[in-house]
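Asks: Below: one structure in C-alpha cells.
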Amino acid sequence: MFSPPPIPPGNSETDLAKHDEEDYVEMKEQMYQDKLASLKRQLQQLQEGTLQEYQKRMKKLDQQYKERIRNAELFLQLETEQVERNYIKEKKAAVKEFEDKKVELKENLIAELEEKKKMIENEKLTMELTGDSMEVKPIMTRKLRRRPNDPVPIPDKRRKPLNYLLTDEQIMEDLRTLNKLKSPKRPASPSSPEHLPTTPSESPAQRFEARIEDGKLYYDKRWYHKSQAIYLESKDNQKLSCVISSVGANEIWVRKTSDSTKMRIYLGQLQRGLFVIRRRSAA
C-alpha cells in the first residue's frame, strides 16, 4: 500500500501551508511581470508599426479606402458622361429652336412685306381711279364775234361750277365692276360668296362711323381694343377670323388666325364699308 511521505522532523502542517502560499504568490507575481512585459513589448511594436494585429487592420483599412476611391471615381465618370450627354442634347435642342425661330421670323417678315405690297398696290389703284383718271380737262370753246346790234352779254352770277368728281359710292361700284371683270367665272357652290349672307358692305349707300380714341377703335357703335378677336368681312363677302394686333392713329393692324399674316385697315376703308368688323368670342 502507498503511504504518504513522512513529514520531516521539525515541520508542522502550518509551516507547509505557509510555504505553499508563498509559492502561489511568487507564481502570480511572475505571471503579472510576464504579462506586463508582453504588453510593453506590444506597445513598442505598435509605436514602431511592426505589430502584427496593427498591420492586419491597417491592410484591411487600406483596402476599404482604395475601394471607396475607386467607387467615387466611377461615380464621377458616370456623372460627367451624363452631364455631357445632357449638354449635347440641350445644345442640339437650342440650335434647332433657334433655326426654327429664324425660319418663322423670316416667313412672317416675308408675309408682312407681301401684305404691305398688296396694300400699296390697292392704294395705288384707288388713287388712280380717284385722282389722275378723274381729272377733267377744260372744254375748248370758240368765242363768236359780237354783232353791232347784239346786246352786251350779262354774266350769270347764279351759274355754279360743275362737279365732275365721282362720289365714294360710285367709286366703290366701279371697283366692284373691275374686280368682277378680272376674276374668272366659277360655278357657284354652297360655300361661295353668292350663298353667303349679305353684309352691310354690299349696300353702296351705307357708311359706318369709325374713329380712333385713346388707342381704341370706335366702330359701328362698339369699341374695339388691341388683342380682341374679330371677324373681318371684305367687300367681296370674304369672312376672315382675325385678332387686332395694334391700333394706330388712322389705321389698325389685324393678324389672321389661319396663317398669322397681318393686314392694315384704314379708317376710310371702314367708313366706306370696304371692310366690316364683327365681334367674335376668343378661342
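Asks: Hey, any hits in the range 254-261 for a residue that's of a type in the set (Ser, Thr, Tyr), assigned to a loop (DSSP other than H, G, I, E, B), more than 29 Å from ILE110 (Cβ to Cβ) and at pLDDT below 85? Explain how you work it out, then say what you get.
Replies: So in the range 254-261, the residues of a type in the set (Ser, Thr, Tyr) come out as 257-258, 260-261.
Narrowing further to those that are assigned to a loop (DSSP other than H, G, I, E, B): 257-258, 260-261.
From what is left, the residues that are more than 29 Å from ILE110 (Cβ to Cβ) are none.
No, there is no match, as no residue in the range 254-261 is of a type in the set (Ser, Thr, Tyr), assigned to a loop (DSSP other than H, G, I, E, B), more than 29 Å from ILE110 (Cβ to Cβ) and at pLDDT below 85.
Asks: Being open to solvent by less than 80 Å² (accessible area, probe 1.4 Å) and of a type in the set (D, E, K, R) is the filter; apply it to the range 68-99 and report the residue that is nearest to ASP259 (Cα to Cα).
Replies: Here the answer is GLU99.
Asks: How many residues does the range 213-240 contain that are open to solvent by less than 40 Å² (accessible area, probe 1.4 Å), part of a strand (DSSP E or B) and in contact (Cβ under 8 Å) with a residue 24 or more places away in the chain?
Replies: Let us first name the residues in the range 213-240 that are open to solvent by less than 40 Å² (accessible area, probe 1.4 Å), namely 217-219, 224, 228-230, 232-234, 237.
Right, trim to part of a strand (DSSP E or B) and you get 217-219, 224, 229-230, 232-234.
Checking the rest, the ones that are also in contact (Cβ under 8 Å) with a residue 24 or more places away in the chain come to 217, 219, 224, 229-230, 232-234.
Count: 8.
Asks: For the range 265-274, name all the residues that are in contact (Cβ under 8 Å) with a residue 24 or more places away in the chain, on the phi < 0 side of the Ramachandran plot and open to solvent by less than 40 Å² (accessible area, probe 1.4 Å). Steps first, answer last, please.
Replies: Within the range 265-274, the subset in contact (Cβ under 8 Å) with a residue 24 or more places away in the chain is 265, 267, 270-274.
Going one step further and asking which of them are on the phi < 0 side of the Ramachandran plot, we end up with 265, 267, 270-272, 274.
Listed by number, the residues that qualify are ILE265, LEU267, LEU270, LEU274.
Asks: Here's a follow-up. Would you check which residues across the range 59-90 are within 30 Å of GLY49 (Cβ to Cβ) and under 45 Å from the mean Cα position of the chain (by Cα) and list them?
Replies: Going residue by residue through the range 59-90, those that are within 30 Å of GLY49 (Cβ to Cβ) are 59-73.
Correct list: ASN71, ALA72, GLU73.
Asks: Please go through the range 241-264 and pick out each residue that is among the small types (Gly, Ala, Ser) and either surrounded by 18 or more Cβ atoms within 10 Å (Cβ to Cβ) or in contact (Cβ under 8 Å) with a residue 60 or more places away in the chain (or both). Talk me through it step by step, then tell me what you get.
Replies: Step one: filter the range 241-264 for residues among the small types (Gly, Ala, Ser), giving 241, 245-246, 248-249, 258, 260.
Listed by number, the list holds a single entry, SER260.
The values are calculated or read from the model by the stated rules, or taken from the named source; none is laboratory data. Small disclaimer: the values here were computed from a predicted structure and weren't measured. Because the Cβ atoms are built from the backbone with ideal geometry, glycine has one as well, and the counts that use them run over all protein chains shown. Side chains included, ligands, DNA and RNA excluded: accessible areas come from the protein's heavy atoms. Shrake-Rupley method; radii C 1.70, N 1.55, O 1.52, S 1.80 Å.
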